[in-house]
Structures are given as structure tokens and as C-alpha cells.
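Read-outs throughout are calculated quantities, based only on the coordinates presented, and are distinct from any laboratory measurement. Computed from a predicted structure; not experimentally measured. Here Cβ is always computed from backbone atoms with ideal geometry, including for glycine, and neighbour counts include all displayed protein chains.
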């Protein structure tokens, strides 16, 4: 039950990150890079705080760390491409806040699990966090690619002067139904479809695993 | 007049919850037991308005003169954390998930400062974002009762509400939406 709640909360946090970003693949790539960097730094920072015996200040220190990383990342983005930084001027802070919520969830999750199975080393916790981030990144990139291809007819990559577009659909006489996916309600619909599909697959894998275990017995 | 137009903009037309995405996940979770949440909403309102005002003052008087305006989110988080802890110790309202409202509060503060041109407007915009969060919780609570707590139906109906609310978006009807 705890595991199901964690998945539910994690998926909802992903909801909060994917919806505000514009529907171009390039912004998806930037989101994934920011999130991976922040989740990695959370895992390492937690160990540092434990070593310094500042556990009671972990929440606030993590929040300040994440927002500082967002600011620094935004400066790097301004140096690379000012247009992308301008478009993402406010959205760049969303992963910082969502990563904080996710880190709180992992803290509660690990406390509830048996101590024997949890190693307190940097490598194990980092691996766990990055695995979850990787799963989310694949989902996010798929959603952004879908929105870009069917909403705009292009596949965009981040470039110095904005977006480098690869044309997928050249015919401009097609209907504008794709514009739904480029907009926010369309993003919510695609995200919902993906989340239900993933939850359905995970449920069936668990059922199949349970049946296999019963057969072995 | 500005207040009324800002009210309608941030609460309904470009809802901070549905369009900006601030607190869309929290409102889904909180809508199960909204009464527990509303006890702690006074603290949220006070901390957001105080944080926004103080952050705006620090931004306009110190950061702008030092050409360090990009650092304002860091200042906002520090000020919000201090005020939040101070108010909680003074008012003695305890909620189990107090740090979960951190996301909504901090993003409202950042949005208010990002989109304002005066201290008054920044506080007003932050408070309207919080208000839109409350409106979203009430709407989702109603949807929960209608759909018997099925999260999928609620999320799907949110998408439908948004499609209806954004019907005026003329780009949907434009031909040639793909680039040449």
C-alpha cells in the first residue's frame, strides 16, 4: 500500500512538472537535464547533511540547495541560449520545487521500509533516486515528443538561437486537431493516458509475478 | 479595476492551478479531506503575503541596486522559510503535511513577484494564486463526490473543464498550424 501511494504521489508530481512547460521536445530535454541534476544533488547532499549531523535542518537546506541550483542552471541557459531562458523564465523553478516534494517522499518511503534491506551508502540511495528519475525522464520525453510531432509537426532541439526544428509533417493542409495536443488540456490528456497505461502495466506485472510465485510453490 | 481584472485572470481565466500548474497535484490529494486543510489556510495566506512583500522590498531596494535580480528566488525561499517557521511557532497551527504546501506557497510568491510592477500588485497576485488553489480544491472535492473518489475520472474531467475553459484559443481553429 505504501508503495502504491508513493507511485501515485510521484506521478502527480510529474503532472506538476510536465504541464507548465511549453509543448516542444527541446524544453522536455531541458526539463530532464534539470531534474536529473537536482535529484543527483539531493541524494549526495542528504549524505553530506547526515555526516555533518544537521538532520533537523535537512528540509530547509534541501529547499535552498534546489532553488540555488535552479538559479545557476538558468544562468548557464542564458549563456547558451537567451531565447530558451526567456521562454522558461518562470517554469525553470518548477522542477526544483517538485524535486523537493519527491525527496520528501523518498525520505518517508525509506523510513517505513525494513532497515535490513536499506543500505545507508551514497551509491545505493543515489542509484534508487536516479532510477526513478530515469523512468520519469523517459515518460516526459515521450510526452514532449508526442506533443511536438502531433501538435506542431516538428521535432525541436535546443539551439543557440532558440529551437532547431526538424520538419516531420510538411503538408500544411492537414486539420488543426493536433493543436489540441500543443495546448495545456492536450498535455493533461496525454499525461493521463500515459499514467493509466503505466499503472495498468505495473498492476498486471504484479499479478503475473504473484501467479508465478504461487506456481513455484 | 486592476484588482478585479487580476482576480478573474489568476483565479479563472489563467488559473494558477490549471494553467501555470501550481499545486495541481496537491489539490488532487487535499480534495479528499478539505476540512483538515482549511484549518491551516490562515497560516498559508499570512506567510505568502508577508513573504511576497518582504521579498519584493529586498528585490527592489537591495538586489536591483547590486544588479543581482536573478537571485530573487533564493531570497524568496529564505524569507518564506523564516516566516513560515515564525508564524507556526506564534500561531501554533500544526498540520501534518506543512512542508507539502511549500510548493504552492513558494511558487505563488515567485509568480507574484515575476508578474508584478509594484509591491501591492505582487502581494495581490500571490494571494489570488492561493485563492485559485482553494477554488481548485473545492472544485475537485465536488468532482470526487460525483465520481466516488475515482482519481482517473477526476483528472479526465479536469482536462475536459480546461478544454471548455480554453475554447476561445483561436489557434485551435487555425489552418496551417504546422510550419512551412
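Calculated [222 nm] ellipticity per residue, helices only, for chain B: -20500 deg cm²/dmol; basis is -39500 (n - 2.57) per DSSP H run with n ≥ 4, divided by all residues, nearest 500.
Note on B:71-81: average number of Cβ atoms from other chains within 10 Å of each residue's Cβ is 4. Packing, as the average of other Cβ atoms within 10 Å across residues, places the peptides A:78-84, A:89-95 in the order A:89-95, A:78-84, highest first.
Working from Cα pairs under 8 Å separated by at least six residues, relative contact order for chain B is 33 percent.
Peptides A:68-74, A:192-198, B:2-8, A:26-32 ranked from most to least packed, by the mean per-residue count of other Cβ atoms within 10 Å: A:26-32, A:68-74, A:192-198, B:2-8. From the Kirkwood radius over Cα pairs of the range B:99-153, Stokes-Einstein at 25 °C and 0.890 mPa s returns a whole-number translational diffusion coefficient of 196 µm²/s.
Projected over all directions and averaged, the alpha-carbon convex hull of chain B occupies 13.5 nm².
Evaluated at q = 0.23, 0.24 Å⁻¹, the base-10 log of the normalised Debye intensity for the range B:1-73, with identical point scatterers placed on the Cα atoms, takes the values -1.12, -1.12. The gain in end-to-end length when the residue A:76 to residue A:141 segment is fully stretched comes to 21.2 nm, 0.36 nm per residue minus the alpha carbon separation.
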